[in-house]
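Structure first, then comments.
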Amino acid sequence: MEVCDLYENLKADVYRYARSLAKHEFEADDLVQDAFMKAMNEAKLVDLPVHKQKAWFFRVIKNRMIDISRRERRLVSWEEDLDVAVFPAPSHSIEMTEWLGRLPQSQSDIVFKRYWLGMSSQEIGEQLGIPAATVRYKLQIAIKRLRKLWEDDMK
């Protein structure tokens, strides 16, 4: 028995399990593909009883899904976290100009480029000659400062 035979014997169960874990069908297909690619490197797998083969595939798929979800959580950038409304947006551009005028020029420029021009931190960093991580950090500081100014005005 080879991996091809193994695939034919187990594909229905393995696909069903992968679809139960994944959000989308294409994700399930990727999980199954990854599992069978890994199975090609496991020569002893074909000698195991069917129930142990299924258990091996299920464990590989589950672990791969865990790895993917951990990676997605890690890859969520600060930009997406900061895109959430921090304070009520001023209704007029004049108000926004006043708010940005209360920040240091460097922070004001970054906030303007990010939220009004829609530039990414990478693009802003290239334009300013600084790393994208520094742009995200300065953006975070600017938003905290704006939040503090807004809270002080609300008192």
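The values are calculated or read from the model by the stated rules, or taken from the named source; none is laboratory data. Just so it is clear, the structure is predicted and the values come from calculations on it, not from any experiment. Areas reflect the complete protein model, heavy atoms only, side chains present, ligands, DNA and RNA absent. Shrake-Rupley method; radii C 1.70, N 1.55, O 1.52, S 1.80 Å.
Could you give the length gained by full extension between Leu117 and Lys52, i.e. 0.36 nm per residue of separation minus their alpha carbon distance, to one decimal place?
Extra length available between Leu117 and Lys52 comes to 17.8 nm.
What's the percent breakdown of Cα-Cα distances in segment 1-48 across 10 Å bins, shortest bin first?
Using 10 Å bins, I get a P(r) of 27, 52, 20, 1 for segment 1-48.
Roughly how many Å² of Thr97 are accessible to a 1.4 Å probe, to the nearest 10?
90 Å²
At 1.4 Å probe size, put Phe58, Phe26, Phe112 in order of accessible surface, largest to smallest. Don't skip to the end; give the middle numbers.
Numbers: Phe58 60, Phe26 125, Phe112 90 Å².
Listed by decreasing accessible area, they come as Phe26, Phe112, Phe58.
At a probe size of 1.4 Å, how large is the accessible area of Tyr7, to the nearest 10 Å²?
The accessible area of Tyr7 comes to roughly 70 Å².
Could you calculate the contour length gain from Phe26 to Lys155, that is, 0.36 nm times the residue separation minus the distance between their Cα atoms, to one decimal place in nm?
Additional length available on full extension: 41.3 nm.
Stretch Met37-Arg16 to full length: gain in nm at 0.36 nm per residue minus the Cα-Cα span? Provide the component values of the computation, followed by the final result.
Details: separation 21, 0.36 × 21 = 7.56 nm, distance 1.78 nm.
In short, 5.8 nm is gained.
Taking Cα centroids, how far is segment 1-70 from segment 124-155 in Å?
45 Å
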